[in-house]
Amino acid sequence: MAIKKSLPPGTIFNTSEKPNPTEIKKIYYTESKISINEPLENSQLWIRVNGLKDTQKIVEELNKVNLDALIIEDIFNLTQRSKIEEIDSGLFAIVKTAAYKDNKFDHEYLSVILKDNIVFTFDENDTGILNNIEERLTNNLGRIRSFNSKYLFYVIIDTLIDANILFEHEIGNQLINWEELIIAERTQNVDLLHLIRKEVLMMKSNIFSIVNSLELIDDIYKNQNVSEFKKYYQDLIDHLYRLNDKLNLDWENIKTLYDMHMNNINERTNSIMKVLTIFSATFIPLSFLAGVFGMNFVYMNIFNDPQGIWIFIGLCIAVFLGMIGFFKYKKWL
């Protein structure tokens, strides 16, 4: 991803590297009607922008509502942190989502603007995460068409937070599986656990940024764009706090799993060293006996005994068994 640097504030610099062509869909809706790209009288408007490739086309659309240059800058600067903040006659939100698909993690950057009763959404990769909302609008499911665009803004933010909640649930299931594997000592490679750790850390940062930005808004519930739907935003903020708590638990769980994995490795190493030490310890007296009997003393009767070799072997076995018995008595085995 390209990084914006050494440019004055308000400079539009598109950091997206995904080649998806820009598609702009205008959805006009009233309580009884809906229209795509054809204005309706006294309607609400949702402008869906999929793909950020065509910067000029998007900027021209945003200039129609006199959007501040700093907000436009944030839309294209995908290194921005997640947040919800007040703007002139509206709200602006950046929500980063993640998903686990085909054994890999996908990340998406979505920004949402509520400006003068118009909702803009910007999806870098056309993930389809908002298709469910459009379907609800089209089929008049739920209460979206019964309210103004301010409610649509809430529904979109709620959907994005729910996507993160589902992702955290998947992470939780992954950690349960890892716990079972580690307890059963059936895992050697923890690369995926390293990736999960990074994902949890990133999500913790994103959710904390959203919660922190909401806390910075002076009495968020008195904002004219929020007050009408206060109970819904209270529920949304509760979801954010619960998600943050779960991520903290996941983070602690990952650290515990790492400790368990390292303990398993240490125990396996200690078991190997214990076996090697036992062999070394038992062979010390045997080596001593072999050295003594290898000195070829002239006056050792055992050398003249036809059964001498068997006596020596029996002595070695007795010493070996005696040492094993001693180790067991000391509870070293």
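The values are calculated or read from the model by the stated rules, or taken from the named source; none is laboratory data. Please read all numbers here as calculations on a predicted model, not as lab measurements. Cβ coordinates were reconstructed from backbone atoms using ideal geometry, including for glycine residues, and neighbour counts include every protein chain displayed. Accessible surface areas use protein heavy atoms only, side chains included; no ligands, DNA or RNA. Shrake-Rupley method; radii C 1.70, N 1.55, O 1.52, S 1.80 Å.
So the values come out like this:
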| read-out | value |
| --- | --- |
| List Phe279, Phe229, Phe13, ordered by accessible area with a 1.4 Å probe, largest first | Phe279, Phe13, Phe229 |
| Loop sites in segment 105-168: trypsin sites (Lys or Arg not before Pro), DSSP, at most 14 other Cβ within 10 Å | Arg143 |
| Dipole magnitude (debye, nearest 20) for segment 228-333, charges at Cβ of Lys, Arg, Asp, Glu | 280 debye |
| Percent RCO, i.e. relative contact order, over the chain, from Cα pairs under 8 Å lying at least 6 residues apart | 13 percent |
| Thr22 long-range amide H proximity, modeled H, under 5 Å | Lys53, Asp54 |
| Magnitude of the charge dipole, the chain, Cβ model with Lys/Arg +1 and Asp/Glu -1, debye to 20 | 1100 debye |
| Segment Leu40-Glu179, extension gain: residue separation times 0.36 nm, minus the distance between their alpha carbons | 44.5 nm |
| Theoretical FRET efficiency, 1/(1+(r/R0)^6), r = Cβ-Cβ of Thr79 and Glu23, R0 30 Å, to 0.05 | 0.80 |
| Relative counts (whole %) of C-alpha pair distances in segment 179-333, using bins that are 10 Å wide | 8, 20, 15, 13, 11, 10, 8, 7, 5, 3, 1, 0 |
| Sites Leu315 and Ile284, calculated FRET efficiency, Cβ-Cβ separation with R0 22 Å, nearest 0.05 | 0.90 |
| Segment 23-67: trypsin sites (Lys or Arg not before Pro) falling in loop per DSSP and having at most 14 other Cβ within 10 Å | Lys33, Lys64 |
| Kyte-Doolittle at least -1.0, axis length at least 15 Å by Cα - qualifying DSSP helices, the chain | 149-183, 191-216, 230-293, 308-329 |
| Fluctuation leader among Leu289, Leu257, Leu160 - the chain, Gaussian network, Cα springs under 10 angstrom | Leu289 |
| Distance cut-off 28 Å, percentage of C-alpha pairs in the chain lying past it | 58 percent |
| Candidates Leu201, Leu249, Leu315, ranked by Gaussian network fluctuation over the chain, Cα under 10 Å, top entry | Leu315 |
| Proximal aspartates and glutamates relative to Lys33, as straight alpha-carbon distance under 12 Å, when same-chain residues fewer than 8 apart are discounted | Glu41 |
| Residue among Phe288, Gln234, Ile27 farthest towards the positive dipole end of the chain, charges placed on Cβ | Phe288 |
| GNM result for the chain, Cα springs below 10 Å: residue of Ser287, Ser146, Ser213 fluctuating most strongly | Ser287 |
| Dipole moment magnitude, nearest 20 debye, segment 28-69 about Cα centre, only Lys, Arg, Asp, Glu C-beta charged | 140 debye |
| FRET E, pair Leu276, Lys230, Förster distance 56 Å, beta-carbon r, rounded to 0.05 | 0.20 |
| Within segment 181-235, GluC sites (Glu not before Pro) in DSSP loop having at most 15 other beta-carbon neighbours inside 10 Å | Glu185 |
